[in-house]
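Beneath this line is the structure, given in structure tokens, with notes to follow.
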Amino acid sequence: MSTFTLVIGNKNYSSWSLRPWLVLKQIGINFTEIRIPLYTPAARQELLRHSPAGKVPILHHGDITVWESLAICEYLAEFPDTHLLPQEPLARALARSISAEMHASFYRLRYSMPMNCRARLPGLGMQPGVQEEIDRVLAIWNNCRNNFGSSGDMLFSNFTIPDAMFAPVVLRFMTYGVKLDSTSQAYAEAILALPAIQEWIAAAQNESESIPEFELSY
């Protein structure tokens, strides 16, 4: 198999980078990581060397280049024995729908509670409309766990693309101390317990860059 290279941004801040990185880790594919610190004078030109979109994440697989987190995850799901989507048609359709919803929605949550693995800021970020989006996330988690998660601790029992898509939300909820129902809390704890997530958080804590617009304060 051709080699894989994943281009990502700052681990402390880049939620989009985390998603395909986590998928690659979970399915056991060895890959080279190129980290480009974002919001620096050189960042845009560096990213354009890897993709015409000029944004992270970017996956190189031999002569193939794939960008956008969900597109990368779907590309990886095409490989045999990755099990990144449920087999049953109803569950598979739901998994794809909620992954796309996460990719395209939740703007207030994203911008009011930027991912910041190093910070602990309980209560911040609760701008108008954020609680409504939090409630929608929790409804998704409860629906999946209650209807498809009985044989494991992920949304569809075993790790799938939706877990990667919602992993940065789990980190946001940790940072901003969002109150969760018991089902959602158990799911969040399962995500945080993944060795790959622990590896990502540890690397984020060791980064030296600080991006002011992602650093909320009381």
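If I stretch the segment between Ala139 and Ala42 completely, what's the gain in nm (0.36 nm per residue apart, minus their alpha carbon distance), one decimal?
30.8 nm
Could you give the C-alpha radius of gyration of region 95-217 expressed as a fraction of 2.2 N^0.38 Å, taking N as the number of residues it contains?
1.04
Any idea what Rg and Dmax come out to for region 38-89 if you just take the C-alpha atoms, in Å?
When restricted to Cα atoms, region 38-89 yields Rg and Dmax of 14.1, 47 Å.
If the reach is capped at under 20 angstrom between alpha carbons, list the lysines near Lys25, excluding any in the same chain fewer than eight residues apart.
Of all the lysines, those that pass the test against Lys25 - Cα under 20 Å, at least 8 places apart if same chain - are Lys11.
Spin-label point model (7 Å from Cα, Cβ direction): what's the Ile27 to Ala100 distance in nm?
1.9
When the convex hull of the Cα atoms of region 1-79 is projected onto a plane and the area is averaged over all directions, what value comes out in nm²?
With the hull built on Cα positions only, its mean projection is 4.9 nm².
For Ser208 and Asp181 in one chain, what is 0.36 nm times their gap in residues minus the Cα-Cα distance, to one decimal in nm?
So the extension gain works out to 6.3 nm.
Let me have the relative contact order for region 1-113, percent, based on Cα pairs under 8 Å that are six or more residues apart.
Value for region 1-113: 24 percent.
Computed FRET efficiency, Cβ-Cβ of Asp63 and Arg35, R0 30 Å: what is it to the nearest 0.05?
With a Förster radius of 30 Å, E is 0.85.
Over the Cα atoms of region 1-140, compute the convex hull volume and normalise it per residue, giving Å³.
That works out to 132 Å³ per residue.
How big, in percent, is the set of alpha carbon pairs in region 91-167 lying more than 15 Å apart?
For region 91-167, the share of Cα pairs beyond 15 Å comes to 59 percent.
As an exercise, identify the GluC sites (Glu not before Pro) in region 74-147 lying in DSSP coil whose Cβ has no more than 15 other Cβ atoms within 10 Å.
Sparse-neighbourhood loop GluC sites (Glu not before Pro): Glu78.
Could you work out the relative contact order of the chain, using alpha carbon pairs under 8 angstrom and six or more residues apart, expressed as a whole percent?
Computed over the chain, the figure is 25 percent.
Among the aspartates and glutamates, select those whose C-alpha is under 14 Å from the C-alpha of Lys55, and discard any that sit fewer than 8 residues away in the same chain.
In chain and number order, the partners are Glu46, Glu68.
Note down the relative contact order for region 1-63 as a percent, whole number, built from C-alpha pairs under 8 angstrom at least six residues apart.
Reported as a whole number, the value is 48 percent.
Values in this text are rule-based calculations from the coordinates and carry no lab data. Owing to the predicted nature of the structure, the values given are computational and were not obtained by experimental measurement. Neighbour counts run over all protein chains shown; Cβ positions are idealised from the backbone, glycine included.
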